[in-house]
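To start, the structure under review is shown below, and the notes come after it.
The values are calculated or read from the model by the stated rules, or taken from the named source; none is laboratory data. Just so we're clear, the structure is a prediction, and the values are computed from it rather than from any experiment. Glycine gets a Cβ as well: all are built from the backbone with ideal geometry, and neighbour counts include every protein chain shown.
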């Protein structure tokens, strides 16, 4: 039975999607803890209601990122996780933290990487005039919003979209591709290439989703 620790900072809708998929699909895994850097994170209530242990490591109580990351790592390591899942965890992680969990830490970023890294991704997409936008699940590396891509989901940018409308449509796709990618990891189907730049999925299946909403597409 594989163990998953999920990190959140807010409502944790992607965390909910992973928890629900794990139960619904009968993964050989369990989410053993949800950890937040904010004591008021709404997602903590969902985790507690579903019998998942929660912990807060408040970043405001530490003098620098290194001290916070060290405390966070100590808390995570209590559960001896096979996988760490970032689900709306709004903190820049130090290189040392990322390297500690190399090859077993996933993130979902709200853009089709390598395009639009960083913040305000939906507005960046609108400003660039792209016709397709989306989300990317990737292994985390020390370079911000970079790392071997596991899955991507795309939605059209339609007339009249603002950042909020586009974000809502992309989030629906995130809720499909993120649990799917986590399940692949749990099933031992993801392998990093020798150069560490790409991910192989075995047996092969589509690692992309194109949809107007999460209910459509491949």
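In table form, for the structure just shown:
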{"quantity": "Exclusive hit being under 14 Å from the mean Cα position of the chain (by Cα), closer than 16 Å to residue 179 by Cα and outside any helix (DSSP H, G or I), set 10, 88", "calculated": "88"}
{"quantity": "Selected residue (only one of 182, 150 is closer than 19 Å to residue 83 by Cβ and part of a helix (DSSP H, G or I))", "calculated": "182"}
{"quantity": "Count - residues of the range 153-175 that are under 23 Å from residue 139 (Cβ atoms), in contact with a helix residue (DSSP H, G or I) (Cβ under 8 Å, 6 or more places away or on another chain) and not in a strand (DSSP E or B)", "calculated": "4"}
{"quantity": "Residue in the range 44-59 that is outside any helix (DSSP H, G or I), at pLDDT 95 or above and under 14 Å from residue 96 (Cβ atoms) present", "calculated": "no"}
{"quantity": "Filtered residues of the range 52-96 (kept if buried (at least 18 other Cβ atoms within 10 Å of the Cβ), in contact with a strand residue (DSSP E or B) (Cβ under 6 Å, 6 or more places away or on another chain) and touching a residue at least 40 places away in the same chain (Cβ under 8 Å))", "calculated": "76, 81, 83, 84, 85, 86, 87, 88, 89"}
{"quantity": "Among the candidates 17, 23, residue that is free of Cβ contacts under 8 Å to residues at least 40 places away in the same chain, under 27 Å from residue 136 (Cβ atoms) and either outside any loop (DSSP other than H, G, I, E, B) or in contact with a strand residue (DSSP E or B) (Cβ under 7 Å, 6 or more places away or on another chain) (or both)", "calculated": "23"}
